[in-house]
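Let me begin by presenting the structure, written as C-alpha cells, before commenting on it.
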Amino acid sequence: MAKRVMLKISGEALSEEDRIFSIERADALAKSLVKVQKAGFELAVLTGGGNVWRGRIGQGMDAVTADQMGMLATVLNCIFLKDALVRHNAKARVMSAIEIPRFCEVVRQDIAKEKLAEGEIVLFAGGLGSPFFTTDTAVVLRAIEIGADTLLLAKSIDGVYTADPLEDSSAKLIKNISYEEAMAANLRVMDMSAFALCADKGLPQVRVFSMNDPDNILKVLSGDTMGTTLYP
C-alpha cells in the first residue's frame, strides 16, 4: 500500500459555475484530505489554475506572460486550499516554484520531505516556475522529488479511455496500461513530457479517477480499483 502520495487536482475542484472560489467545495475537499492523512498517508497536493486562468484566455498575449498568470493562479488556489485545511485542524504549508516570500516559501525537496514525514500536508504551487511546462509535468516531477509511492490524478472523468468519451460513444475505459503503451497510443491523460518522465524515472504508479466525490481519494488509496492504473 502506498504511504507517500502525490495528488493533482484541477482548479475547477475548488470552484463552482458562478464562483471562481467555492468555500463549500474547498471544505469538502479539505475534509477528504484530512481523512486521507488520518488513515496514515503522507500527502502532497498540486493544484491546477483553470478556475482562475486558462491559456486560451490569453490568446493574443505574449505566451510567457500568459503562462506566468497561470502559475500565479495556482498560488491563489493553494493558499485558498491551505485556509480550508487549517479550518479543519490540519497542518499545511504552501511551497511555490515562484518566490513570493510573504505568502509562501520556495519549493525545497528536503524541506518538503521533512514536513511530509512530520505530518504536514504540502501544497505545491507555481507549476515548475517556468513557462511552456504544464502542471502535468510539474506534478510528475514533484512526485519523483518527494519519493511518492503513487501519483493520483483526480479528474472530471472516471479514468483513461481509448478515445475522448465525450466525442466518441464507442470509447472504452482502460483499467491498466503502461506508460510506454499510453504514449504509443497517444492517450491525452497527461502530456508527452510528463509520460516520458514517468517512464524514465520509473514512477511506481499513476492512478486516474473521478473527482466527483472527494472521498474517492481515500477509496483509491484503500484498494478500490476504480479508474485507470498506469505503471512502468
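I'd like the full set of residues that are within 15 Å of A13 (Cα to Cα) and not aromatic (F, W, Y), limited to region 209-227.
Residues of region 209-227 that are within 15 Å of A13 (Cα to Cα), as a first pass: 209-217.
Across region 209-227, the qualifying residues are S210, M211, N212, D213, P214, D215, N216, I217.
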Next item on the list: Go through region 96-112 and give me each residue that's more than 14 Å from I79 (Cα to Cα) and of a type in the set (V, I, T).
Entry: V107, I111
Next item on the list: Give the residues of region 173-188 that are in contact (Cβ under 8 Å) with a residue 40 or more places away in the chain and either surrounded by 13 or more Cβ atoms within 10 Å (Cβ to Cβ) or more than 30 Å from V34 (Cα to Cα) (or both), sorted by residue number.
Entry: L173, I174, I177, S178, Y179, A182
Next item on the list: Looking only at region 6-20, count how many residues are outside any helix (DSSP H, G or I) and either crowded, with 19+ Cβ neighbours inside 10 Å or of a type in the set (D, E) (or both).
Entry: 9
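Could you run through region 71-94 and say how many residues are of a type outside the set (K, R) and either under 15 Å from V34 (Cβ atoms) or at pLDDT below 95 (or both)? It would help to see each step written out before you state the result.
Residues of region 71-94 that are of a type outside the set (K, R), as a first pass: 71-81, 83-86, 88-90, 92, 94.
Then drop every residue that is not either under 15 Å from V34 (Cβ atoms) or at pLDDT below 95 (or both), which leaves 81, 83-86, 88-90, 92.
Total satisfying the criteria: 9.
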Next item on the list: Of the conditions (1) part of a loop (DSSP other than H, G, I, E, B); (2) modelled with pLDDT under 95; (3) among the β-branched types (V, I, T), I57 clears all except one; give me its number.
Entry: (1)
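Tell me whether region 83-93 contains one or more residues that are buried (at least 20 other Cβ atoms within 10 Å of the Cβ) and under 20 Å from D136 (Cα atoms). I'd like the intermediate steps shown before the answer.
Narrowing region 83-93 to residues buried (at least 20 other Cβ atoms within 10 Å of the Cβ): 84-85, 92.
Among the residues that remain, those that are also under 20 Å from D136 (Cα atoms) are: none.
No; the residues of region 83-93 include none that is buried (at least 20 other Cβ atoms within 10 Å of the Cβ) and under 20 Å from D136 (Cα atoms).
State whether one or more residues within region 32-46 are in contact with a Ser or Thr (Cβ under 8 Å, 6 or more places away or on another chain), buried (at least 18 other Cβ atoms within 10 Å of the Cβ) and under 20 Å from L151 (Cα atoms).
Here is the first cut: in region 32-46, the ones in contact with a Ser or Thr (Cβ under 8 Å, 6 or more places away or on another chain) are 39, 46.
From what's left, buried (at least 18 other Cβ atoms within 10 Å of the Cβ): 46.
Cutting the leftovers down to under 20 Å from L151 (Cα atoms) gives us 46.
Yes.
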Item checked: Test set (1) within 15 Å of D191 (Cα to Cα); (2) of a type in the set (D, E, K, R); (3) loosely packed, with under 14 Cβ neighbours inside 10 Å - K155 fails condition number -> (3)
Note to self: Take the conditions at pLDDT below 95, surrounded by fewer than 15 Cβ atoms within 10 Å (Cβ to Cβ) and of a type in the set (S, T, N, Q) and apply them to S222. Does it pass?
What the structure shows: no
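Of all the strands (runs of 3 or more DSSP E) wholly in region 74-181, which have at least 3 residues that are under 17 Å from G50 (Cα atoms), touching a helix residue (DSSP H, G or I) at 6+ places or on another chain (Cβ under 7 Å) and hydroxyl-bearing (S, T, Y)? Outline the logic, then answer.
Working: elements: 92-96, 121-125, 150-155, 176-178.
Passing ranges: none, list empty.
The values are calculated or read from the model by the stated rules, or taken from the named source; none is laboratory data. Predicted model only: the values in this text are computed from it and were never measured. With ideal geometry, Cβ positions are generated from the backbone for all residues, glycine too; neighbour counts draw on all protein chains shown.
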